[in-house]
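Student: One structure coming up, written as structure tokens, with questions to follow.
The numbers here are math on the coordinates, done by the rules we state, and not lab data. Predicted model only: the values in this text are computed from it and were never measured. Positions of Cβ are backbone-derived with ideal geometry, glycine not excepted, and every protein chain shown enters the neighbour counts.
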Amino acid sequence: MSDGEKQRIETKPGRDTRLNRMLYGFFRQVVSNSLRIYTRGTVEGKENLPGGAFILAPVHRSYIDTPISSWVQLRRMRYLGKNSMWKNELLGKLFTAMGAIPVHRGAIDREALKRCLQVLESGQPLVLFPEGERKDGAKVQPLLDGAAFLAAKAGVPLVPVGIGGSAQAMPRGAKFVYPRRVHVIVGKPFSVETSGRSRATREQLGVATERLYGELQQLYDAAQARVS
């Protein structure tokens, strides 16, 4: 077996099996809930979450935004993670079992997109940070159109999410989490207009991404105001 074949097998995204759900639930209970207690985390707008598959699209200011995203519901959420996280075989298997999907940054990763579509088409929710990597500051940075593209292709809604306080709880370069308050606001879902057969034009993707940008900024401002 070649190294390339081995890597593809090791980074294959975990299925939504009972064991994987149990692993996810355990780590959510230990890590995510502990973080919520430590940061006095609060969530509003849970009633906006649709059933079935959807794309949760939060702002991204801290490493802890990933476990924070799991606060919105008990269901197993799926996430993208940089492929370097799979260099350690044991940790890679754990990340896979918990639902993480490896992605190569800096270029279009068609394999990761394919896996994301498989996740959504199987009815599972996917967390996708539309700003890409972590950003800084009070302004939402220009969004990538990947979230809108996947939402259109899979025929699922986008759910914008504002996270306030995570940058203060664990700022860039910090080695540990500070006991700062975090507040999450889940916005209302919306669908990407398409031209039929789940195909959206560049203009339609641009319109959806622009709408997502505007709603993220409003939610981010509101969430930040709650923790200031």
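Student: Looking at (1) within 18 Å of the chain's Cα centre (by Cα); (2) of a type outside the set (Gly, Ala, Ser); (3) under 30 Å from residue 228 (Cβ atoms), which one does residue 121 not meet, given that it meets all the others?
Tutor: The single condition residue 121 does not satisfy is (3).
Student: Of all the strands (runs of 3 or more DSSP E) wholly in the range 29-114, which have at least 1 residues that are under 21 Å from residue 213 (Cβ atoms) and of a type in the set (A, V, I, L, M)?
Tutor: On the way: elements: 42-44, 55-58, 78-82, 100-103.
Counting at least 1 such residues, we get 55-58, 78-82.
Student: I'd like the residue in the range 44-101 that is of a type in the set (Asp, Glu) and in contact with a helix residue (DSSP H, G or I) (Cβ under 9 Å, 6 or more places away or on another chain) and, out of all such residues, is nearest to residue 165 (Cα to Cα).
Tutor: Per the criteria, the residue is 65.
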